Amino acid sequence: MKLFNIHDTALGKPVNTPEKYDMSLLFRIPRSENRVHYGIVDAHLPFVGFDVWNCYEVSFLTDNGLPVSRVMKLVYAADSPFLVESKSLKLYLNSFNMDCFGSTVTKAEESVGVTISHDLSYLLETQVSVSLFDSTCEIRQPFTSFLNEELGRMIPITKQESILFTHFTESPELLSSKMTDTVHSYLFRTDMLRSNCRVTNQPDWGDLFVQMTTKHEIELSSVIEYLVSFRKENHFHEEVVEMIYKRFYDIFTPSTLMVAAMYTRRGGIDINPMRASHPDLLDKTLMSSKLMAAKTLRQ
């Protein structure tokens, strides 16, 4: 089983489109590589959650050469020891394009779904749920309670424009609050999140969703400053969400906490991690492998 090593991958190298199904193209990355730096211990995770991937360029052939195109949604738990490297997943999915998987469209689709679920479950040592969707599928809105809760609208624009933003690597010391005797509830979304890929250094854009109850009265403008400090950070999407979750968890000592991000697709794939203190805080539409979730404006 291969662990991720950039020197073994096709990143930055000319590649030929694979003509036959090839599981060996997949690479996995230990989650612990980043977690150790933030005091997250795999055996005692401070959250539950899932990673949700939408893959928009999935195609394969029936036995008579008829092309079948689908959108694939895959979901696996945050307590898995590994995550899949996205470029390797793209190349792996491309290996299905010119291969035949069944005598009918239905049989080919079923065969491909079972194969991908089996391969990724084996690779990541966890159950990976896979569904394939066509253009007739139902699309549901995730995070419905967040629709009108934009963080930027909660803070006067004059105040935002008066902040001197000088931190562009993750800076938790920017977060500001005061302890009170009252429980405060926070619910907001923002499109200010930008980080960079740990491998390619290309920018990744995400819509962030936060729900929290805490006795800290939080200065929301400090949250903006903190999120802006990710703009030169190089991390995978899953790592960014876990970093934000752990900082909020440590600094604000919340009784409930949920942090999720819906990232813009790149290379035909978008990745959407969710982490929460309690399972009922997880968005059911996004985490269900059987439902297609509506996209954000940038997705």
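Ordered by residue, what ³J(HN,Hα) values in Hz, to whole numbers, does region 55-70 give under the Karplus form 6.51 cos²θ - 1.76 cosθ + 1.60, where θ = phi - 60° and Gly and Pro are x?
These are the phi-based 3J(HN,Hα) values: 10, 9, 10, 9, 8, 7, 10, 7, 4, 8, x, 6, x, 10, 10, 9 Hz.
For region 72-90 and region 151-186, write down the distance between their C-alpha centroids in whole Å.
32 Å
Tell me the net charge near ILE163. Cut-off is 13 Å between Cβ atoms, ILE163 excluded, with +1 for each Lys or Arg and -1 for each Asp or Glu.
It works out to a net charge of -2.
Order these peptides, 51-62, 238-249, by their mean beta-carbon neighbour count within 10 angstrom, highest first.
Top to bottom by mean Cβ count within 10 Å: 238-249, 51-62.
Work out how much length ASN148 to ARG265 would gain on full extension: take 0.36 nm times their residue separation and subtract the Cα-Cα distance, in nm to one decimal.
Computed gain between ASN148 and ARG265 is 39.8 nm.
Could you work out what % of the accessible surface of region 143-273 is carbon and sulfur, using a 1.4 angstrom probe and leaving DNA, RNA and ligands out of the count?
Solvent-exposed carbon and sulfur of region 143-273 make up 49 percent of the total.
So if R0 is 25 Å, what FRET efficiency would ALA294 and SER59 give, r being the distance between their Cβ atoms, rounded to the nearest 0.05?
It comes out at approximately 0.60.
Would you work out the relative contact order for region 213-270, in percent, from Cα pairs under 8 angstrom that are 6 or more residues apart?
47 percent
Please compute the contact order of the chain in relative form: average sequence separation of alpha-carbon pairs under 8 Å and at least six residues apart, divided by the residue count, as a percent.
In percent, rounded to a whole number, it is 21.
Check LEU193: other-chain or 5+ apart residues with amide H under 5 Å from its amide H, H built from backbone geometry?
GLY206, LEU208
Name the aspartates and glutamates eligible as straight-distance cross-link partners of LYS232: C-alpha to C-alpha under 14 Å, and not fewer than 8 places from it in the same chain.
Hits, sequence-local ones excluded: GLU170, ASP204.
Over region 40-118, calculate the relative contact order: mean separation of alpha carbon pairs under 8 Å at least 6 apart, over the residue count, as a percent.
Rounded, it is 33 percent for region 40-118.
Enumerate the helices in the chain for which the Kyte-Doolittle hydropathy averages 0.0 or more and the C-alpha atoms extend at least 18 Å along the helix's axis, using complete DSSP H runs.
Those that pass (Cα extent of 18 Å or more, hydropathy at least 0.0) are 105-124.
What part of the accessible area of region 13-112, given as a whole %, is carbon or sulfur when the probe is 1.4 angstrom?
Carbon and sulfur atoms account for 56 percent of the accessible area of region 13-112.
Which of the aspartates and glutamates could a cross-linker span from LYS178 if the Cα-Cα distance has to be under 15 Å and same-chain partners fewer than 8 positions apart are dropped?
Those aspartates and glutamates meeting the cut-off are GLU217, GLU219, ASP250.
Excluding residues on the same chain fewer than 8 positions from LYS284, give the lysines whose Cα lies under 24 Å from its Cα.
LYS73, LYS246, LYS295
If r is the Cβ-Cβ distance from THR136 to THR256 and R0 is 41 Å, what FRET efficiency results, to the nearest 0.05?
0.65
The values are calculated or read from the model by the stated rules, or taken from the named source; none is laboratory data. Just so it is clear, the model here is predicted, and its values are computed rather than measured. As a convention, Cβ positions derive from the backbone with ideal geometry for all residues, glycine included, and neighbour counts pool all protein chains shown. Just so you know, the surface numbers come from the protein's heavy atoms only, side chains and all, with ligands and any DNA or RNA stripped out. Shrake-Rupley method; radii C 1.70, N 1.55, O 1.52, S 1.80 Å.
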